[in-house]
Amino acid sequence: MATQIAQIIDGKLLAQQVRDEVAVQVEKMKAAGKPQPGLATVLVGDNPASKVYVSSKQKACAQAGIESFGFTLPASATQTEVEGLVKELNADPRVNGILVQLPLPGELDEERVLNAISIEKDVDGFHPLNIGRLAQKGRDPLFVPCTPAGCILILDKLGVKLEGANAVVLGRSNIVGMPVALLLVRRNATVTICHSKSRDLPGICRQADVLIAAVGRPEMVRGDWVKPGAVVIDVGVNRIDDPEHPKGSRLVGDVNYNEVKEVAGAITPVPGGVGPMTIAMLLNNTVRAAQMAHA
Ligand code: GUN
């Protein structure tokens, strides 16, 4: 079989386009005398990865002209304290979007916290009502989760026809796998969701015109799992040991990039693929929340 070199999708560039457009929208609001859009971030505990993600989100807000309000609670915070903060933020007119960074530590009940966020400020799209609407025909969520929305935007920018396409999603997480599968169904793709109990993953993946990997298993998807010409979106961010690397470790996705790029039609790299899109879509949701609040 002739090998093919995949188009490498530049997620940074696509994300910058979204961020530039968000900045334009913010300027328009300003020019119309509307208040500056605001995002509140809530970080509970001191998970190092979560800290990095939250600080990148705050930086991106500043660059787009969105004010960010950072709240940190100790890992020992109670359910009542976390929900109490969310309720204060619901009532604060300077805050248009509320982002509670997941996962929450310890015994905190994530569903109850997410349920406490006003759906008009649910810029992560994780409120049960927004997710429920995403799953139902004829209903529309106010906000769609950011990483899944970023995956779909990448596919749209590539000009991939989703209607009738075989889409395979590896992973069924609340944050990525399930909502991206729901978005693909809404776009009339034929969707297969795979998980740890699925039989013959390579065989299922080989049917995919669009393959989305979001399982958190470093380099799991091998070259011979991919149909020649397929579009492969790698959502995984895994740190693996690499003595050759100056840091002693490096980031890899859920896809074996070197193998799959020889087979796929297009592929997102890690880093620099889906990751930057998540933040861009968050900014986009936040400016939309502000526009709705001040319509
Ligand atoms: N943890 C991993 N991804 C996300 C995300 O998109 N939003 C929030 N709030 N937490 C996350």
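The values are calculated or read from the model by the stated rules, or taken from the named source; none is laboratory data. Remember, predicted model here, so these are calculated numbers, not experimental data. Cβ sites come from the backbone with ideal geometry, for glycine too, and all protein chains shown count toward neighbours.
Key figures
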item: Residue selected from region 120-147 under the condition part of a helix (DSSP H, G or I) and more than 15 Å from the ligand (Cβ to nearest atom), by the criterion farthest from L183 (Cα to Cα); result: E120
item: Enumeration of residues in region 62-84 that are without any contact (Cβ under 8 Å) to a residue 40 or more places away in the chain, surrounded by 15 or more Cβ atoms within 10 Å (Cβ to Cβ) and either aromatic (F, W, Y) or part of a loop (DSSP other than H, G, I, E, B) (or both); result: F69, F71, A77
item: Per-region count, region 90-107, residues within 13 Å of the ligand (Cβ to nearest atom), part of a loop (DSSP other than H, G, I, E, B) and farther than 18 Å from P48 by Cα; result: 0
item: Qualifying residue in region 117-130 (condition: under 16 Å from L282 (Cβ atoms), basic (K, R) and surrounded by 14 or more Cβ atoms within 10 Å (Cβ to Cβ)); result: yes
item: Any hit, region 171-178, residues being outside any helix (DSSP H, G or I), within 19 Å of Y257 (Cα to Cα), at pLDDT 95 or above and in contact with an Asp or Glu (Cβ under 9 Å, 6 or more places away or on another chain); result: yes
item: Long-range neighbours under 6 Å by Cβ, at least six apart or interchain, first residue of a type outside the set (K, R) within region 179-196, second modelled with pLDDT of 95 or more and in a loop (DSSP other than H, G, I, E, B); result: P179/P145; N188/E163; A189/L162; A189/A165; I193/R172; H195/R172
item: Close pairs from region 150-164: first within 20 Å of N284 (Cβ to Cβ), partner part of a helix (DSSP H, G or I) and not hydroxyl-bearing (S, T, Y), Cβ under 6 Å, at least 6 apart; result: G150/V274; G150/M277; G150/M281; C151/V180; I152/L183; K157/L14
item: Among residues of region 148-170, those that are part of a helix (DSSP H, G or I) and either touching a helix residue (DSSP H, G or I) at 6+ places or on another chain (Cβ under 8 Å) or among the charged types (D, E, K, R) (or both), counted; result: 9
item: For K87: the one exception among (1) of a type outside the set (D, E); (2) within 16 Å of the ligand (Cβ to nearest atom); (3) surrounded by fewer than 16 Cβ atoms within 10 Å (Cβ to Cβ); result: (2)
item: Residue in region 32-61 that is farthest from R94 (Cα to Cα), counting only those that are touching a strand residue (DSSP E or B) at 6+ places or on another chain (Cβ under 7 Å) and free of Cβ contacts under 8 Å to residues at least 24 places away in the same chain; result: K51
item: Selection count where residues are outside any helix (DSSP H, G or I) and hydrophobic (A, V, I, L, M, F, W, C), scope region 1-49; result: 12
item: Scope region 148-176; condition more than 11 Å from the ligand (Cβ to nearest atom) and more than 18 Å from Q207 (Cα to Cα); matching residues; result: C151, I152, L153, I154, D156, K157, L158, G159, R172
item: Qualifying residue in region 232-251 (condition: over 18 Å from G171 (Cβ atoms), away from the ligand (no atom under 16 Å from the Cβ), among the basic types (K, R) and surrounded by 18 or more Cβ atoms within 10 Å (Cβ to Cβ)); result: no
item: Qualifying residue in region 188-199 (condition: away from the ligand (no atom under 16 Å from the Cβ), touching a Cys at 6+ places or on another chain (Cβ under 9 Å) and part of a loop (DSSP other than H, G, I, E, B)); result: no
item: Residue satisfying all of: in region 200-217; surrounded by fewer than 21 Cβ atoms within 10 Å (Cβ to Cβ) and not in a helix (DSSP H, G or I); farthest from the chain's Cα centre (by Cα) among these; result: D200
item: Matching residues in region 108-119 - criterion: being within 11 Å of the ligand (Cβ to nearest atom) and in a loop (DSSP other than H, G, I, E, B); result: I117
item: Neighbours by Cβ (under 9 Å, 6+ apart or cross-chain): first from region 90-104, within 12 Å of D122 (Cα to Cα) and among the basic types (K, R); second in a strand (DSSP E or B) and within 11 Å of the ligand (Cβ to nearest atom); result: none
item: Residues of region 218-257 classified as more than 24 Å from the chain's Cα centre (by Cα), closer than 16 Å to I8 by Cα and assigned to a helix (DSSP H, G or I), total; result: 1
